[in-house]
Amino acid sequence: MDIRFEQVDFTYQPNTPFEQHALFDINLTIKDGSYSAIVGHTGSGKSTLLQHLNALVKPTKGTVTIGDRVITPETDNKNLKPIRKKVGIVFQFPEAQLFEETVAKDIAFGPQNFGASEEEGRKLAEEMLGLVGMDESYLDRSPFELSGGQMRRVAIAGVLAMEPEVLVLDEPTAGLDPQGRKEMMEMFQHLHENRGMTIVLVTHLMDDVANYADQVFVMEKGQVIKTGKPSDVFQDTQWLKKKQLGVPTAAAFAEKLSEKGFSTDQLPLTANQLADQILNAKAGEAQ
Ligand code: ADP
Ligand code: MG
């Protein structure tokens with residue numbers, strides 16, 4: 001299922017003193033099976049854009065096409081449930097939204113709301129808990145006794161339990177330690193590769209963009225100011241620095257090495273690419 005934005009504007013509380021124009025003329029396509037990253041400073045409109053992906057909000061102008069559903073400012077709020085099921089959004093700090101007395105009930109809440117039986121719900125809960133790397137011994141625990149990282153996994157399992165085609169993640173690793181962050185990113189990669197899930201990731205970590213995404217959208221003041229493959233968008237490190245977006249660690253490292261005479265045709269974006277280039281350069285010297 002593709003998702004397409006055409007000339008999308010969005011304004012919070014239009015025609016009131018609190019009016020806030022948050023998105024301007026957004027045009028973009030998220031292809032079925034792709035892994036997209038959205039980057040940009042706080043307030044640039046990332047979370048607002050995400051809410052359009054499953055019609056939680058409707059554009060003030062323009063259209064958002066989600067699979068075969070076209071959402072316009074006039075779309076009525078009925079019959080949006082199928083879209084909510086196909087596009088699952090994990091908001092920032094999703095653990096804050098846990099509320100049931102057991103992990104199993106929390107994960108099964110969505111599916112049961114959509115008509116699954118208690119038994120089916122429990123089965124799904126068990127499966128999804130496995131997907132997020134936790135075993136069934138947690139099923140009957142209270143979510144509130146878990147660690148922060150585990151709570152977040154349970155919240156994500158609740159979104160996965162709806163079996164969405166598109167998984168949308170708003171800063172999913174914020175506040176986790178480096179190991180927890182790595183495990184979580186690998187879990188999303190696994191869902192992408194093994195289940196063919198389309199992923200949309202909001203992040204401020206350029207290393208995550210470089211390591212996982214095949215397309216990146218750079219947002220600034222409610223607009224998408226650059227779109228492309230990470231390898232293209234990240235080539236211009238001067239631009240990234242000017243925009244204060246940060247540079248992938250491997251690219252920054254290669255730039256430091258270049259001051260010492262190491263030269264590359266293509267700026268490396270990941271540790272593996274950098275390692276390959278260094279090995280190739282060494283092999284070249286040895287000849
Ligand atoms: P980001 O996720 O990139 O930090 P947001 O989408 O949250 O950006 O915000 C974009 C703009 O919309 C900001 O100017 C923000 O203050 C404003 N905004 C966000 N949510 C609301 C809201 N519920 N009501 C009014 N303005 C909002
Ligand atoms: Mg945000």
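Observations on the model:
- Residue in the range 46-55 that is touching a residue at least 40 places away in the same chain (Cβ under 8 Å) and not in a helix (DSSP H, G or I) present: yes
- Pairs with Cβ under 8 Å, 6+ apart, first in the range 156-179 and at positive phi, second within 16 Å of ligand 1 (Cβ to nearest atom) and of a type outside the set (Ser, Thr, Tyr): Glu171/Gln92; Glu171/Val202; Glu171/His204; Gly175/Phe93
- Matching option when the condition is modelled with pLDDT under 95, outside any helix (DSSP H, G or I) and under 24 Å from Met206 (Cα atoms), among Gly180, Gly175, Gly149: Gly175
- Exactly one residue out of Lys182, Lys221, Lys241 is more than 13 Å from Ser36 (Cα to Cα), within 16 Å of ligand 2 (Cβ to nearest atom) and surrounded by fewer than 16 Cβ atoms within 10 Å (Cβ to Cβ): that is Lys221.
- Complete set of residues in the range 220-251 that are over 23 Å from Phe10 (Cα atoms) and among the aliphatic types (A, V, I, L, M): Val233, Leu240, Leu245, Val247, Ala250, Ala251
- Residues in the range 103-138 that are surrounded by fewer than 17 Cβ atoms within 10 Å (Cβ to Cβ), touching a Lys or Arg at 6+ places or on another chain (Cβ under 8 Å) and either closer than 21 Å to Met187 by Cβ or modelled with pLDDT of 95 or more (or both): 1 in all.
- Extreme residue, nearest to ligand 1 (Cβ to nearest atom), among residues of the range 56-85 that are in a strand (DSSP E or B) and basic (Lys, Arg): Lys61
- Residue check, Leu201 more than 12 Å from Ser34 (Cβ to Cβ) and out of contact with any Phe, Trp or Tyr (no Cβ under 6 Å at 6 or more places or on another chain): no
- Of all the criteria given as (1) within 16 Å of ligand 2 (Cβ to nearest atom); (2) among the hydrophobic types (A, V, I, L, M, F, W, C); (3) more than 25 Å from Gly246 (Cα to Cα), the one not satisfied by Val166 is (1).
- Any chance Phe10 is more than 13 Å from ligand 2 (Cβ to nearest atom), over 16 Å from Ile225 (Cβ atoms) and not in a loop (DSSP other than H, G, I, E, B): yes
The values are calculated or read from the model by the stated rules, or taken from the named source; none is laboratory data. Computed from a predicted model, the values in this text were never measured in an experiment. No Cβ is skipped: glycine too gets one built from the backbone with ideal geometry, and neighbour counts run over all protein chains shown.
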